[in-house]
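First up is the structure itself, then whatever we jot down about it.
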Amino acid sequence: MNVLSNRRAVITGAGSGIGAAIARAYAAEGARLLLADRDATRLAETAIACRNLGAEVFECIADVGTVEGAQASVDACVAHYGGIDILVNNAGMLTQARCVDLSIEMWNDMLRVDLTSVFVASQRALPHMLAQRWGRIINVASQLGIKGGAELTHYAAAKAGVIGFTKSLALEVAKDNVLVNAIAPGPIETPLVGGISETWKRAKSAELPLGRFGVADEVAPTAVLLASEPGGNLFVGQTLGPNSGDVMP
Ligand SMILES: NC(=O)c1ccc[n+]([C@@H]2O[C@H](COP(=O)([O-])OP(=O)(O)OC[C@H]3O[C@@H](n4cnc5c(N)ncnc54)[C@H](O)[C@@H]3O)[C@@H](O)[C@H]2O)c1
């Protein structure tokens, strides 16, 4: 049985890594997809993979770090499918600097892409979800939003913001059957962490209880669960942690 049959889903950052894996998993479960990314080439690759799985797919090339870009994917979903059932706010970026060296531009860029986009897209989707009394918003945070990370004050602050936003919005809309939750992955082998040295990765893997990084296809099933019925029905304002044991709340 396809647990997301005919659900209309927006996935941001679908061109790569975790977003692409969620897109493929949703396609396999029968969802109709609106995939968004600022990288047109990689977005097209994901779209082809999802169509090969039998899904209906529209693409939206947009920078979610702008208000217009964050709204565009939701608007496109409504235009193509007549509404939106599931919003996965996954797009994100990672830069690194000691706080003492962090420029205000780096700080603002991080907040725009990793936090403000979540608010703007969610706000755009909410009227549709509230009117139909069914919706799922899934925000991809990070375990660093819980435990923090040296040289990542801006990233950790943005992701902690996503978790706080998730809980607060969940309190506002759960009674309308709009369920808002977060996923806080641990280290996952994607291009996002491609720039990190092998030495650091080996040391980090050794300190993980599981002894290894995850891969994107091991995160995507959590996003399927949260969007599905009845599996996702009782999750409200939660932050689920596919994180190799890095954080145990
Ligand atoms: N990889 C990890 O270890 C890890 C751990 C915890 C959380 N996360 C989070 O998971 C999410 C996905 O990360 P990933 O590892 O798959 O990264 P990735 O770099 O593989 O993919 C991110 C995708 O988002 C897109 N994107 C980035 N900024 C965008 C913007 N402004 N507008 C539109 N698209 C944009 C990129 O083009 C890319 O396709 C991010 O929010 C990230 O912070 C990743």
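Readers should treat all values here as calculations from the given coordinates under stated rules, not as data from a laboratory. Because the structure is a prediction, the values reported are computed rather than measured. Cβ atoms come from the backbone with ideal geometry, glycine included; neighbour counts cover every protein chain shown.
Against the chain, whose longest principal axis comes from its Cα atoms, helix 198-207 is set at around 80 degrees.
Taking amide H as placed 1.01 Å from N in the peptide plane, residue 214 has its amide H under 5 Å from the amide H of 188, 189, each at least 5 places away in sequence or on another chain.
Which shape class applies to segment 1-82: rounded if a/c is under 1.5, otherwise prolate when a/b exceeds b/c and oblate if not, where a ≥ b ≥ c are the square roots of the Cα gyration tensor eigenvalues?
Working: a/c = 2.05, a/b = 1.35, b/c = 1.52.
Judged from the Cα gyration tensor, segment 1-82 comes out oblate (a/c at least 1.5, b/c at or above a/b).
Only lysines eight or more places from residue 167 in sequence, or on another chain, were considered; those with a Cα closer than 26 Å are 147, 159, 175.
With contacts taken as Cα pairs under 8 Å at a separation of at least 6 residues, segment 98-249 carries a relative contact order of 27 percent.
Percent of Cα-Cα pairs more than 23 Å apart in segment 31-144, please.
Distances greater than 23 Å cover 33 percent of the Cα pairs.
Normalising the average separation of contacting C-alpha pairs (under 8 angstrom, six or more residues apart) by the number of residues puts the relative contact order of segment 1-139 at 25 percent. Using θ = phi - 60° in the Karplus curve 6.51 cos²θ - 1.76 cosθ + 1.60, the 3J(HN,Hα) couplings for segment 59-72 round to 10, 9, 8, 7, 9, 6, x, 10, 4, 4, x, 5, 7, 4 Hz; x is entered for Gly and Pro. With a cut-off of 20 Å, note down the residues of segment 125-157 whose backbone N falls inside the zone around a label point 7 Å from the Cα of residue 101 toward its beta carbon. Only 149-157 pass the distance filter.
Once you list every other residue whose beta carbon is under 12 Å from the beta carbon of residue 190, what net charge do they have if Lys and Arg are +1 and Asp and Glu are -1? Please report the intermediate quantities before stating the final value.
Details: positive: 42; negative: 189, 217, 218.
Net of charged neighbours comes to -2.
Taking the Cα centre of the chain as reference, the dipole from Cβ charges on Lys and Arg (+1) and Asp and Glu (-1) amounts to some 420 debye. Computed over the alpha-carbon pairs of the chain, the distance histogram in 10 Å steps reads 8, 34, 38, 17, 3, 0 percent, short to long. Most tightly packed first, judged by the mean number of other beta-carbon atoms within 10 Å of their residues, the peptides 54-65, 111-122 read 111-122, 54-65. Relative to the longest principal axis of the C-alpha atoms of the chain, give the angle of the C-alpha long axis of helix 40-52, reported between 0 and 90° and rounded to the nearest 10°. Around 50 degrees separate the two axes. The string of couplings for segment 181-187 from the Karplus curve (6.51, -1.76, 1.60, θ = phi - 60°) is 9, 10, 10, 10, x, x, x Hz, one whole number per residue in order, with x for Gly and Pro. With the simple model of a label 7 Å out from the Cα in the direction of the Cβ, residue 172 to residue 150 spans 3.8 nm. In this structure the amide hydrogen of residue 60, modeled in the peptide plane, comes within under 5 Å of the amide hydrogens of 35, 36, 37, none closer than 5 places in sequence on its chain. The string of couplings for segment 117-126 from the Karplus curve (6.51, -1.76, 1.60, θ = phi - 60°) is 4, 5, 4, 5, 5, 4, 4, 5, 7, 4 Hz, one whole number per residue in order, with x for Gly and Pro.
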